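Read the figures in this text as sums done on the coordinates, not as results from a lab. No experiment lies behind these values; they were computed from the predicted model shown. FYI the Cβ positions are ideal-geometry reconstructions off the backbone, even for glycines, and counts take in every protein chain you see.
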Amino acid sequence: MSSYYVYLISSLPLLNFSSHMPFSLEEFFAKCQNLVPEVDILRLRNVSSGILDISAAGILKDWLNFDTALKNELVRIRAKDKKIDPEKYVRLPDFPQAHISVIALSAHRHNLYALEAEKILDQERWNYLDQLTLGHYFDFEALLIYALKLKILERWEKVENANKEDLYDGVLVN
């Protein structure tokens, strides 16, 4: 059934970090029906809902390692500001990398503008997913990356559609 991946993936619209979602994750899963084995659809659903297999291999393992390293760098920076030991908050596996430190520092500099900092982090996550795409154009990994990108877009869609007045009132009241 993997031969159907070519047809499915080539029919999906290109995703861009600065654009809106072409369809929801549920619609994406519906498009996968009858073209993708049920076990793979379940894996896509799990990944998009945050249920990640720690023993994952390949692209998913690379993605988890990158995201964990990014979060760990943010922990180290914030712990330094608060003068506390970051090691009890660091998650494993921990693979510190210079370019991830630069990303975390850049986001931390925009800390006064939380949304801007989050946008920097998600843009870097998106860029990393683009790197992972290399060599995976019409296989399950391409669908996995597509689902992860849809999840990022879904998050920003929620932010954009949030009732700003209610959020503002909630901050002032609390």
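Observations, loosely collected:
- Oblate is the label for the chain. Its Cα gyration tensor axes, ordered a ≥ b ≥ c, give a/c of at least 1.5 and b/c at or above a/b.
- Between the range 55-89 and the range 97-144, the alpha-carbon center distance in angstrom: 13
- Distance between modelled label sites at Arg78 and Val6, nm, 7 Å Cα→Cβ extension: 4.7
- In this simple spin-label approximation, Glu118 and Ile51 carry label points 7 Å from Cα along the Cα→Cβ vector, and these lie 2.5 nm apart.
- Rounded to the nearest 10 degrees, the angle from helix 140-161 to the longest Cα principal axis of the chain is 50 degrees.
- Across the chain, C-alpha contacts under 8 Å between residues 6 or more apart give a mean separation that, scaled by the residue count, equals a relative contact order of 30 percent.
- Placing R0 at 41 angstrom, the Cβ-Cβ distance between Asp130 and Arg91 gives a FRET efficiency of 0.95 after rounding to 0.05.
- Remark: for residue pairs Lys82/Lys151; Lys83/Lys149; Lys82/Lys119; Lys83/Lys151; Lys80/Lys119, the C-alpha separation exceeds 30 Å in Lys82/Lys151; Lys83/Lys149; Lys83/Lys151.
- Considering the range 38-111 at the alpha-carbon level, its Rg and Dmax are found to be 14.7, 49 Å.
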